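The values are calculated or read from the model by the stated rules, or taken from the named source; none is laboratory data. Owing to the predicted nature of the structure, the values given are computational and were not obtained by experimental measurement. Counting neighbours? That spans all protein chains shown, and the Cβs are built from the backbone with ideal geometry, glycine included.
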């Protein structure tokens with residue numbers, strides 16, 4: 001019995017004295033890292049999607065740069081989210097303030113704007129009525145045979161008397177102008193002009209044309225004329241009359257005063273300043289007037305009334321001899337030439 005016990009003890013001691021085999025523990029396998037963002041996510045292709053569309057040709061949307069640009073990023077931390085929330089709140093406040101200001105301005109000023117718009121809308125537009133005109137019969141005379149008419153001898157003497165005074169003064173003080181006086185006209189030429197114009201020249205105008213048929217330019221002086229308007233010959237009178245009628249041969253129907261316009265065919269031009277203005281004699285009333293190319297006709301040349309051509313001759317002779325004036329026109333001699341000065 002003791003021997004058995006000793007044997008058992010010996011076996012136990014031997015087994016315990018043997019070296020134990022080293023058991024190598026396996027290191028724990030690391031869990032696969034979770035990808036970010038977790039797949040699948042809408043808009044991000046999976047591996048299966050890539051295999052499915054691998055054969056499709058690459059487009060701009062498949063390029064790495066485009067994919068990285070639109071790929072969702074990592075979530076923001078709390079501090080950043082809090083800061084963005086605050087800025088969003090501030091922006092919302094400004095938007096509300098702007099909208100409120102616009103509503104307030106519209107409510108305050110809407111009535112004023114409506115009233116202003118209504119005022120502009122009801123402004124009347126005046127459309128001038130067209131002016132109806134008819135031909136001026138004086139510019140379209142019927143043909144008549146020329147006829148030489150006699151002049152009252154008393155008219156001829158009165159006209160020649162004034163011309164003698166004018167000629168004497170010019171010869172002494174303005175010889176250059178004196179030499180521009182025209183030769184005597186012819187009665188038949190005057191008769192032809194009267195027939196062509198359909199007018200009768202006043203006797204004092206005819207007597208003056210028979211004394212001097214207008215005036216002419218010379219190399220050293222401008223022609224003689226009345227009130228700074230060189231005198232015309234009979235043919236120049238006719239041609240100027242035709243030109244003026246060609247410019248305006250119309251008149252308004254029912255026009256009471258034919259002298260109200262800037263021209264009428266019954267006028268006889270006898271002097272022109274070369275700028276479009278002319279001295280005229282009214283063939284009906286016999287008084288002297290002037291036309292203005294800017295649209296008017298006056299029967300106060302120089303600011304005074306001149307009742308006839310003879311009256312103009314006499315007023316000119318008086319002004320020359322007495323250093324006077326005809327209205328605001330002052331005839332003066334300068335370097336042997338007559339000048340009409342205003343003042």
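Just one of (1) surrounded by 15 or more Cβ atoms within 10 Å (Cβ to Cβ); (2) modelled with pLDDT under 95 fails for residue 260. It is (1).
Is the range 189-200 home to any residue that is closer than 20 Å to residue 329 by Cα and modelled with pLDDT of 95 or more?
Scanning the range 189-200 turns up no residue that is closer than 20 Å to residue 329 by Cα and modelled with pLDDT of 95 or more.
For the residues 204, 138, the requirement of being at pLDDT below 95, within 53 Å of the chain's Cα centre (by Cα) and not in a loop (DSSP other than H, G, I, E, B) singles out 138.
Conditions tested, residue by residue: (1) touching a residue at least 60 places away in the same chain (Cβ under 8 Å); (2) in contact with a strand residue (DSSP E or B) (Cβ under 9 Å, 6 or more places away or on another chain); (3) outside any loop (DSSP other than H, G, I, E, B).
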{"site": "268", "(1), (2), (3)": "yes, yes, yes"}
{"site": "271", "(1), (2), (3)": "no, yes, yes"}
{"site": "276", "(1), (2), (3)": "no, yes, no"}
{"site": "286", "(1), (2), (3)": "yes, no, no"}
{"site": "289", "(1), (2), (3)": "no, yes, yes"}
{"site": "294", "(1), (2), (3)": "no, no, no"}
{"site": "302", "(1), (2), (3)": "yes, yes, yes"}
{"site": "307", "(1), (2), (3)": "no, yes, no"}
{"site": "312", "(1), (2), (3)": "yes, yes, yes"}
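Please determine whether any residue of the range 215-224 is in contact (Cβ under 8 Å) with a residue 12 or more places away in the chain, in a helix (DSSP H, G or I) and closer than 27 Å to residue 291 by Cβ.
First, the residues of the range 215-224 that are in contact (Cβ under 8 Å) with a residue 12 or more places away in the chain: 215-218, 220-224.
Still in the list and also in a helix (DSSP H, G or I): none.
No, the range 215-224 has no match at all.
Being buried (at least 16 other Cβ atoms within 10 Å of the Cβ) and more than 22 Å from residue 241 (Cα to Cα) is not true of residue 312.
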